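The structure appears right after this line, and notes come after that.
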């Protein structure tokens, strides 16, 4: 993905599978199908992809994005260990992990009872702000986010969407996979539709009317209506 | 009225600390009942078990001697259990470590070999224990075989192998046909710390193991990986941690520590290789690991406590003719209560009273 590109949305009914493949948690892709900063990464592990500058936010924040019974500082380490100063010669720099928690708290207004509580003790919206904030603070070149505001209250959702837009404006590539059309049309510059594992050509959001997206979601390719149904078979 | 077990909103850290104490209290109550059934005075029996061993320096040293292998093995097991890898076969790794280390002692016997013998024996014991533990770990990772079963079954293989050696090729020719090797040379023996006492260098090694495990779990990224893989497997995968690799690692470490404990026991308090070198250290260490909250410092305390039951059991046998098996019953009951009380960390009891019906339906 080119550095210059900004936010891009994918309508996808199986975002879970997509994020596993894009992040490298599930190694299913050929090397060339995932490219990070010009480097073929389809065969690389999630840690190696993070080292290339990628960051990932899965849709399920508790249990997947974070370890519920571990402190926020430990959950900062969960993704931060790959490419940061949190680990030196195998030893954890606890102060550095706590600094990440403090910065995420400050920047994204994470409400919590104490400085470093267990992840499970935060409300859904606040934990989501922490999870998104944790990745954005790593200053990624590529951020892949699945369902960024799923089950989050309106206030927190607005904060998260703005953070994604700011990151894109700063030059990072942001890829959002979601089932929420309204959210995608609000934050994405371009939208593509995933249908039975096939990705459509991206539409500029201005062109992406509900009708066009609806057709794509039904499996029709907009230009060649005749061949469209072959894809899904 | 109804008694229900209900999930707590948050885990109770208070219960997590208090649970072993509740378990010990319940165990003592149960044991008292058992003593009464056996026709013994429970107060006197408990006194012999838990108070008498603490009153003279011989049995205090003996407690430390017994705690040494328990603590070393349990620290290793705790790493496995934290990573959700269930090594039940520490007893076998203990025996294999003892056998492999003894091999050097047997081969250098009477040859005037230098002071390298003991360090080589310790290394050999640890390496053999690690390799032996890797068998169930590899079967688990490669073929999905249950490590609980395979590690347990390998205990009996190790036990019989040791038996064969001391009855066959390694038997002491001057040993009046007893199944034992000759006494190890002084260079192949773990030195005692206090002249004339039984406390040996192994106790220091056990303390070092506790310190190293504390640093590993609390301060290093590997320790963090071990904890995450056990606590939240999917988050661990997202973090990029390889659970298979961690199963191999934790099994290797726990096998190495069990093997080291085995060779220290043989080259220390026992002094030669023979069957029955372990009164079930590898199994008792499972109780130690859980009683100690899978925490190295906790394990040190729990190890001393379980060692006390071994010594107390021996004294109770002599003083009150209480069968030694009662000690095993005690340890089993203790593990049962620890695990039962641990469910109160995440759950709590609640009494539910049926709400009175306002309507006149009930006569």
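The values are calculated or read from the model by the stated rules, or taken from the named source; none is laboratory data. All figures in this text were calculated on a predicted structure; none of them were measured in a lab. Note that each Cβ is placed from the backbone with ideal geometry, even for glycine, and that neighbours are counted across all protein chains shown.
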Candidates B:248, B:160, B:201, filtered to the one that is under 22 Å from residue B:96 (Cα atoms) and in contact with a strand residue (DSSP E or B) (Cβ under 9 Å, 6 or more places away or on another chain): B:201
Single residue of the stretch B:218-232 satisfying the filter (over 15 Å from residue A:75 (Cβ atoms) and touching a residue at least 60 places away in the same chain (Cβ under 8 Å)) that is nearest to the other protein chains (Cβ to nearest Cβ): B:230
Complete set of residues in the stretch B:192-212 that are in contact with a helix residue (DSSP H, G or I) (Cβ under 7 Å, 6 or more places away or on another chain) and either crowded, with 23+ Cβ neighbours inside 10 Å or without any contact (Cβ under 8 Å) to a residue 40 or more places away in the chain (or both): B:193, B:200, B:202, B:206, B:209
Sole exception among (1) more than 17 Å from the chain's Cα centre (by Cα); (2) part of a loop (DSSP other than H, G, I, E, B) for residue A:59, by number: (1)
Among the candidates B:269, B:275, B:279, residue that is under 26 Å from residue B:188 (Cβ atoms), touching a strand residue (DSSP E or B) at 6+ places or on another chain (Cβ under 8 Å) and either more than 14 Å from every other protein chain (Cβ to nearest Cβ) or buried (at least 24 other Cβ atoms within 10 Å of the Cβ) (or both): B:269
Candidate set from the stretch B:297-317 (those that are at pLDDT 90 or above and surrounded by fewer than 21 Cβ atoms within 10 Å (Cβ to Cβ)); member that is farthest from residue B:207 (Cα to Cα): B:305
Which listed residue is more than 20 Å from residue A:196 (Cα to Cα), within 14 Å of chain B (Cβ to nearest Cβ) and at pLDDT below 90, from A:22, A:27, A:44, A:62: A:44
Positions within the stretch A:90-121 being within 13 Å of chain B (Cβ to nearest Cβ), touching a strand residue (DSSP E or B) at 6+ places or on another chain (Cβ under 9 Å) and outside any helix (DSSP H, G or I), in sequence order: A:90, A:91, A:92, A:93, A:117, A:118
Candidates B:22, B:88, B:63, B:33, filtered to the one that is assigned to a helix (DSSP H, G or I) and surrounded by 17 or more Cβ atoms within 10 Å (Cβ to Cβ): B:63
Residue selected from the stretch B:233-251 under the condition surrounded by fewer than 21 Cβ atoms within 10 Å (Cβ to Cβ) and more than 7 Å from every other protein chain (Cβ to nearest Cβ), by the criterion nearest to residue B:209 (Cα to Cα): B:249
Matching residues in the stretch A:68-88 - criterion: being within 8 Å of chain B (Cβ to nearest Cβ), in contact with a strand residue (DSSP E or B) (Cβ under 9 Å, 6 or more places away or on another chain) and assigned to a loop (DSSP other than H, G, I, E, B): A:68, A:69, A:70, A:81
